[in-house]
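Working notes for the structure below.
The values are calculated or read from the model by the stated rules, or taken from the named source; none is laboratory data. Everything numeric in this text was worked out from a predicted model, so none of it was measured. Methodologically, a virtual Cβ is constructed for each residue, glycine included, from the backbone with ideal geometry; neighbour enumeration extends over all protein chains shown. Just so you know, the surface numbers come from the protein's heavy atoms only, side chains and all, with ligands and any DNA or RNA stripped out. Shrake-Rupley method; radii C 1.70, N 1.55, O 1.52, S 1.80 Å.
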Amino acid sequence: MDDRLSAFAASRCQRRRRVFLVRGIGGIAHGSSRFTQDVDLVYRRSEQNMARIVEAFAPLSPYLRGAPPGLPFQFDMATLQQGLNFTLTTNVGAIDLLGEIPGGNYETLISHTQVMTIFDVDCTCLDLKTLIRVKRAAGRPKDLEAIAELETIAAERAGDDVWSASRLVKI
């Protein structure tokens, strides 16, 4: 992952924007060894927070990832209000800005977060149990593959080697 993307993600956690990290970076924060090429942020959809997000993203030249070059796209307040989830390419890397994920949105998931140090900055991430739950709800092959590793991490933290081994055999 580009160091500029890592720095951007970390700075978003540190400032007044109401976002938290999920998916790949969230897994890495909990000890996953899986590689990710983007940053996934779940954001609060309040008007004040969306205005802050638009301001923060402006210098990054966000554009819809996978859209043909030249397609008119402006990442502004109106766009953010009319959309929900955005997969963006920026001048620091790929960022998924998510108003909702399988398993919830900012308001329903924020109580299942914890502060973790990532890139030497305190960031808000989903707790491990909830990260596993939302990955299972997403049902994407790459999420289902990651669950085995995350469940092993959870079992090791709980000191339950028998549970860890039995889960690996069942998968």
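Being open to solvent by less than 30 Å² (accessible area, probe 1.4 Å), modelled with pLDDT under 90 and of a type in the set (A, V, I, L, M, F, W, C): is that true of A94 here? Steps first, please.
Details: open to solvent by less than 30 Å² (accessible area, probe 1.4 Å): yes; modelled with pLDDT under 90: yes; of a type in the set (A, V, I, L, M, F, W, C): yes.
Yes.
For segment 102-156, how many residues are among the hydrophobic types (A, V, I, L, M, F, W, C) and part of a strand (DSSP E or B)?
Summing the residues that are among the hydrophobic types (A, V, I, L, M, F, W, C) and part of a strand (DSSP E or B) in segment 102-156 gives 7.
Which residue, of L60, L71, L84, is over 30 Å from I153 (Cα atoms), at pLDDT 95 or above and in contact with a strand residue (DSSP E or B) (Cβ under 8 Å, 6 or more places away or on another chain)? Full working, then the answer.
On the way: L60 fails: at pLDDT 95 or above; L71 fails: at pLDDT 95 or above.
Going through L60, L71, L84 in turn, just one is over 30 Å from I153 (Cα atoms), at pLDDT 95 or above and in contact with a strand residue (DSSP E or B) (Cβ under 8 Å, 6 or more places away or on another chain): L84.
I'm trying to understand the selection: among the residues of segment 100-121, which are of a type outside the set (V, I, T), over 20 Å from V54 (Cα atoms), open to solvent by 50 Å² or more (accessible area, probe 1.4 Å) and in contact (Cβ under 8 Å) with a residue 60 or more places away in the chain?
Residues of segment 100-121 that are of a type outside the set (V, I, T), as a first pass: 100, 102-107, 109, 111-112, 114, 116, 119-120.
Retained after the next criterion (residues that are over 20 Å from V54 (Cα atoms)): 102-104, 109, 111-112, 114, 116, 119-120.
Now drop any that are not open to solvent by 50 Å² or more (accessible area, probe 1.4 Å), which leaves 102, 111-112, 114, 119-120.
Those that are of a type outside the set (V, I, T), over 20 Å from V54 (Cα atoms), open to solvent by 50 Å² or more (accessible area, probe 1.4 Å) and in contact (Cβ under 8 Å) with a residue 60 or more places away in the chain: F119, D120.
Evaluate segment 104-118: report whether one residue or more is within 15 Å of the chain's Cα centre (by Cα), of a type in the set (F, W, Y) and at pLDDT 85 or above.
So far as segment 104-118 goes, yes, one or more of its residues are within 15 Å of the chain's Cα centre (by Cα), of a type in the set (F, W, Y) and at pLDDT 85 or above.
Out of (1) open to solvent by less than 20 Å² (accessible area, probe 1.4 Å); (2) of a type outside the set (D, E, K, R); (3) touching a Phe, Trp or Tyr at 6+ places or on another chain (Cβ under 7 Å); (4) modelled with pLDDT under 85, what's the single condition that is false for T124?
Result: T124 fails condition (1) only.
Would you say L84 is among the hydrophobic types (A, V, I, L, M, F, W, C) and within 16 Å of the chain's Cα centre (by Cα)?
Judged against the criteria, L84 is a match.
Where the second residue is open to solvent by less than 20 Å² (accessible area, probe 1.4 Å) and the first is in a helix (DSSP H, G or I) and lies in segment 77-99, which pairs have Cβ atoms under 7 Å and are six or more apart or on separate chains?
What qualifies is M77/M50; L80/M50; L80/I53; Q81/M50.
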